[in-house]
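Read through the structure below, which is laid out as structure tokens, and then see the notes.
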Amino acid sequence: MKGQPCPPEGFPDLYDAIADAYDRLDDWIVSEWGEKPRPERADFLQKYWASRFPAVRNVLEICCGTGLMLEQLALRGFEVSGLDRSAAMLGHARERLGPEVPLVLAELPSIPVSRQFDAVISSGAALNYMSGEDDLAATFRSVAGVLRPGGSFVFDILGRAMMDGHAGSDVWAADLGDLAFIWEFENAPSGDYCDATYTQFLHREGNPADSYEKTIELHRLYVLDPELIRRVARDSGFIDTAVHDNYTDGPAHDATLYETWTFTRA
Ligand SMILES: C[S@@+](CC[C@H](N)C(=O)[O-])C[C@H]1O[C@@H](n2cnc3c(N)ncnc32)[C@H](O)[C@@H]1O
């Protein structure tokens, strides 16, 4: 995948190993790393759209993963669609969302859909995988292409404080019984990105009690400078750019862990 370290032979592609454990891993991230719970993120979006974009009915999530956000939006009456590059993650989204929800297997910046949406979102810090200005700009242009004029684009990413907080030799680990994992973070000396090595031990139903499947994934997460995001947004035809502190009405600040960016397509 573009911008990602080349994994040693035998390592799975990004999210192939994580997919079956993702929802529980995400619960842990919400409780341990302060990510906003999905229902609260959806409440923020619903309120934000009601006050600023009352026409929002249909929503595309790029990098939708297992569909956790789309499920919350569907429960609130929105018509949802999703896109992700991982077939394994989309398989879980299909189970969660049912057969009718359009789900597209594609890798950004490509968004191969032939319709326009009232809103496009991306949740779970997925855009931190964008490897720099060219990648981000191409993605923003694709988003603008599938968003109706006056439509809303919202995404969240890890802020500088979060990336720095996981710097150097920080290691996080958890033993949840049939699932255990270790996250090892190492910031690039340049400060431009952070490499995260994720080691997972998963007990699968039907296997002997002491048998765990071990897999390792390597993830490179990029720091996205606010000035870069503003410039790319402007050049791609977005206006009304704002950055909120973790799905609240308050503006992002130096200690913000999760930035929630909002834009309008001109
Ligand atoms: C942390 S998960 C977030 C999933 C979901 N949005 C959520 O809120 O739970 C990141 C997702 O981004 C997807 N992803 C990363 N880079 C991508 C790209 N270039 N194109 C499409 N999907 C991508 C991964 O496959 C993964 O499912």
Applying the selection to region 33-45, what residues are crowded, with 17+ Cβ neighbours inside 10 Å and away from the ligand (no atom under 13 Å from the Cβ)?
Phe44
Would you confirm whether or not region 131-147 contains a residue that is among the aliphatic types (A, V, I, L, M) and touching an Asp or Glu at 6+ places or on another chain (Cβ under 6 Å)?
no
Index of the failed condition, Trp172 passing every other in (1) at pLDDT below 95; (2) more than 19 Å from the chain's Cα centre (by Cα); (3) within 18 Å of Thr260 (Cα to Cα); (4) not small (Gly, Ala, Ser)
(3)
If we take region 98-205, then strands (runs of 3 or more DSSP E) inside it with 1 or more residues that are within 25 Å of Asp23 (Cβ to Cβ) and small (Gly, Ala, Ser) are 117-122, 171-175, 179-187, 193-202
Restricting the search to region 13-32, which residues are away from the ligand (no atom under 12 Å from the Cβ), of a type outside the set (A, V, I, L, M) and closer than 18 Å to Thr197 by Cβ?
Trp28, Glu32
Taking first residues from region 51-62 that are of a type in the set (Lys, Arg) and second residues anywhere that are away from the ligand (no atom under 12 Å from the Cβ), the pairs with Cβ under 7 Å that are 6 or more apart or on different chains are Arg57/Phe78; Arg57/Glu79; Arg57/Asp118
The number of residues in region 249-266 that are in a loop (DSSP other than H, G, I, E, B) and either in contact with a helix residue (DSSP H, G or I) (Cβ under 6 Å, 6 or more places away or on another chain) or in contact (Cβ under 8 Å) with a residue 60 or more places away in the chain (or both) is 6
Across region 59-107, what is the number of residues that are within 7 Å of the ligand (Cβ to nearest atom) and either on the phi < 0 side of the Ramachandran plot or of a type in the set (Val, Ile, Thr) (or both)?
13
Take the conditions touching a helix residue (DSSP H, G or I) at 6+ places or on another chain (Cβ under 8 Å) and not hydroxyl-bearing (Ser, Thr, Tyr) and apply them to Asn246. Does it pass?
no
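Do the conditions hold for Gln4, that is, is it within 12 Å of the ligand (Cβ to nearest atom), of a type in the set (S, T, N, Q) and either touching a strand residue (DSSP E or B) at 6+ places or on another chain (Cβ under 6 Å) or closer than 19 Å to Thr260 by Cβ (or both)?
yes
Which ones in region 108-118 are in contact (Cβ under 8 Å) with a residue 40 or more places away in the chain and near the ligand (Cβ under 8 Å from one of its atoms)? Walk me through it before giving the result.
Restricting attention to region 108-118, the residues satisfying the condition of being in contact (Cβ under 8 Å) with a residue 40 or more places away in the chain are 108, 111, 113, 117-118.
The answer is Leu108, and nothing else.
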Counting just the residues of region 119-159 that are of a type in the set (A, V, I, L, M) and within 9 Å of the ligand (Cβ to nearest atom), which one comes out nearest to Leu60 (Cα to Cα)?
Ile121
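The values are calculated or read from the model by the stated rules, or taken from the named source; none is laboratory data. The structure presented is a predicted model; accordingly, all values stated were derived computationally and were not measured. We place every Cβ from the backbone using ideal geometry, glycine too, and count neighbours over all the protein chains shown.
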